[in-house]
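To start, the structure itself, in structure tokens.
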């Protein structure tokens, strides 16, 4: 079986590498051919466009920034649809709109192609280590057939089938809503504590020691990114966080769910992007709060 992989960015390049290193025959494509250097050295082939890749693949993965890019790669000029063969399986690993995933699924069905949505969680560290959570929407039969490949870059215990097409992204957006907004609340809480006179490292230790503090933000993001001020060590960019919050808001509107905190977080992320922090890690929400309060939450050397 030849596997096609499109999108060799911060996440995709690692996932594609793991698939190659697991012994699968892989063909890759990215807008930047230089992004594929490592993969070609490991034995992958290069496709000059998605259509060419699709014509040679039985299983196709895409790992792209968002809905617009997914739709373009799927059905744009020289997109997958122009070269894909019947009975091919297409898996979108991007964090995407559930509504678009369902639409694309229907469009590919007309081509006798089955699509699954399988967004991943775990950041660049999880992608490098091959320990991502993979949240899959699609038929259980097809999930079982591709589960072994997903486990090359995902923790097998966290490669999960969530339900029908779109379920993976519904779960991912729900997860990211909690992750992103809790980080912004943490920025507010820590700037409050620091300005009121508590040392940042000691304050973090106190928060970590409580019931809330067993989450990822206080145990990884704050000590490794915020306190040393390494916001350019990007695990998940602020501009992508805003994209996911907007997708979550769209979903909330579709199902008539009030989402006040999600809306507030989207505005917070937008303010950070307007301040020039969009390419930095999502924890740059701390920089927004620090500007407001006039205090820096940093570890003392």
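The values are calculated or read from the model by the stated rules, or taken from the named source; none is laboratory data. Predicted model only: the values in this text are computed from it and were never measured. A quick note on method: Cβ atoms are made from the backbone with ideal geometry, for glycine too, and the neighbour counts reach across all protein chains shown.
Just a few scattered comments:
- Taken over the range 153-174, the criterion of being assigned to a helix (DSSP H, G or I) and touching a strand residue (DSSP E or B) at 6+ places or on another chain (Cβ under 6 Å) is satisfied by 167, 168, 169, 171, 172.
- No other residue among 156, 140 is without any contact (Cβ under 8 Å) to a residue 60 or more places away in the chain and within 19 Å of the chain's Cα centre (by Cα) apart from 156.
- Test: residue in the range 124-138 that is out of contact with any strand residue (DSSP E or B) (no Cβ under 7 Å at 6 or more places or on another chain), buried (at least 21 other Cβ atoms within 10 Å of the Cβ) and within 17 Å of residue 240 (Cβ to Cβ): yes
- Put simply, of 127, 202, 133 the only residue that is under 24 Å from residue 233 (Cβ atoms), outside the structural domain of residue 234 (by TED's automatic domain parsing) and without any contact (Cβ under 8 Å) to a residue 40 or more places away in the chain is 133.
- Residue 102 vs. criteria under 26 Å from residue 166 (Cα atoms) and in contact (Cβ under 8 Å) with a residue 60 or more places away in the chain: yes
- Residue within the range 172-183 that is crowded, with 16+ Cβ neighbours inside 10 Å, touching a residue at least 24 places away in the same chain (Cβ under 8 Å) and farther than 24 Å from residue 9 by Cβ present: yes
- Those residues of the range 1-12 which are closer than 20 Å to residue 90 by Cβ and surrounded by fewer than 23 Cβ atoms within 10 Å (Cβ to Cβ), in sequence order: 1, 2, 9
- Just so you know, in the range 96-123 the residues that are out of contact with any helix residue (DSSP H, G or I) (no Cβ under 7 Å at 6 or more places or on another chain) and in a helix (DSSP H, G or I) include one that is surrounded by the fewest Cβ atoms within 10 Å (Cβ to Cβ), and it is 106.
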